[in-house]
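The values are calculated or read from the model by the stated rules, or taken from the named source; none is laboratory data. Please read all numbers here as calculations on a predicted model, not as lab measurements. Cβ coordinates were reconstructed from backbone atoms using ideal geometry, including for glycine residues, and neighbour counts include every protein chain displayed. Note: accessible area is taken over every heavy atom of the protein model, side chains too, but ligands, DNA and RNA are not part of it. Shrake-Rupley method; radii C 1.70, N 1.55, O 1.52, S 1.80 Å.
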Amino acid sequence: MRQTTTALAILLSLTSLSAAAAQDHNYQHEASLSYATNSEEVSDGLWNANYRYYFKSVEQGKTPYALNGFLAQESNVGANYQNFDPTDTDSYGVDGTFVFDSNWFVAANYQKFDVASYDFNTYGAEVGYYFNDSSAVSAFYQDGDDNFTETYGLKVRSYIALQSTAGIDLSANWAHNEFDDVVNLGADLYVNNSWSVGVGYTNSDLDDAFDVRTAYWLRISDNFSANFQVSKVLDSDYDGVGLGLGLVGRF
């Protein structure tokens with residue numbers, strides 16, 4: 001807990017730097033460190049470190065910062081590491097997406113999990129199509145070893161630019177396994193390129209729930225930004241408020 005508190009203090013101090021006249025340069029490298037938790041037990045959160053390389057430069061500033069990677073529609077490779085101390089869980093993995101000139105894309109991922117004295121691997125694939133400059137539809141498959149439950153499903157996502165605000169990001173996902181069918185719907189309105197407010201809905205064979213959320217992307221300098229998220233599940237069975245804090249570097 002002490003290590004988590006110290007790390008959070010460092011991350012908070014970095015995000016409090018002045019954002020004086022940051023320039024929105026194109027980038028190919030993106031590295032991030034984030035912490036997601038619940039207000040009921042802030043120290044028991046999930047750390048997530050990510051790196052991504054885009055084969056061609058990605059433009060930022062003309063569209064919401066959080067969506068730059070999706071809207072670029074460029075081939076990329078990435079690596080990640082996650083830590084969840086309450087269950088003594090560490091995971092790390094790699095993924096990649098190749099985009100063809102025809103707007104079709106294929107993606108693959110691999111993740112290794114170490115949970116206390118037990119470990120297992122997962123892997124997946126995805127095939128999709130960008131049907132316009134800001135929309136995609138895809139089918140995916142996920143499986144793993146040691147009796148990991150295979151999952152397959154469909155995704156669709158579309159960003160619609162608006163005149164009065166930056167735009168709205170719409171998403172719908174369906175996932176099926178031998179135990180359940182899960183549907184996730186989301187709508188995030190971007191007031192400007194930094195600030196969004198949204199709602200989500202999740203439905204499964206066991207339960208359903210609505211959530212409300214907001215997020216803000218703070219430009220610190222030409223190359224660094226901080227992002228903040230707050231969310232709340234609208235159900236009496238879910239306590240507390242979801243909190244997220246991150247630092248992103250783009251070069």
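Could you look through segment 14-60, keep only residues that are hydrophobic (A, V, I, L, M, F, W, C) and modelled with pLDDT under 90, and pick out the one that is farthest from LEU243 (Cα to Cα)? Only one residue fits best here, namely ALA21. When residues in segment 76-99 are screened for being under 17 Å from TYR110 (Cα atoms), of a type in the set (Ser, Thr, Tyr) and surrounded by fewer than 18 Cβ atoms within 10 Å (Cβ to Cβ), 3 of them pass. If we scan segment 222-231, do we find a residue that is surrounded by 18 or more Cβ atoms within 10 Å (Cβ to Cβ), of a type outside the set (Ser, Thr, Tyr), closer than 24 Å to ALA49 by Cα and out of contact with any strand residue (DSSP E or B) (no Cβ under 6 Å at 6 or more places or on another chain)? No, every residue in segment 222-231 fails to be surrounded by 18 or more Cβ atoms within 10 Å (Cβ to Cβ), of a type outside the set (Ser, Thr, Tyr), closer than 24 Å to ALA49 by Cα and out of contact with any strand residue (DSSP E or B) (no Cβ under 6 Å at 6 or more places or on another chain).
One residue alone among ASP143, ASP169 is surrounded by 14 or more Cβ atoms within 10 Å (Cβ to Cβ), of a type outside the set (Lys, Arg) and under 22 Å from SER34 (Cβ atoms), and that residue is ASP169.
The strands (runs of 3 or more DSSP E) located wholly in segment 15-133 that include 2 or more residues which are within 22 Å of ALA161 (Cβ to Cβ) and out of contact with any Lys or Arg (no Cβ under 8 Å at 6 or more places or on another chain) occupy 41-58, 118-132. Among the residues of segment 188-203, those that are over 30 Å from GLY144 (Cα atoms) and open to solvent by 30 Å² or more (accessible area, probe 1.4 Å) comprise LEU189, VAL191, ASN192, ASN193, TRP195, VAL197, VAL199. Cβ separations smaller than 6 Å between residues 6+ apart or across chains give the following pairs from segment 26-45 residues that are open to solvent by 50 Å² or more (accessible area, probe 1.4 Å) to residues that are of a type in the set (Val, Ile, Thr): SER39/VAL241.
When LEU206, LEU185 are checked against the criterion of being of a type outside the set (Asp, Glu), open to solvent by 70 Å² or more (accessible area, probe 1.4 Å) and not in a strand (DSSP E or B), LEU206 stands alone in meeting it.
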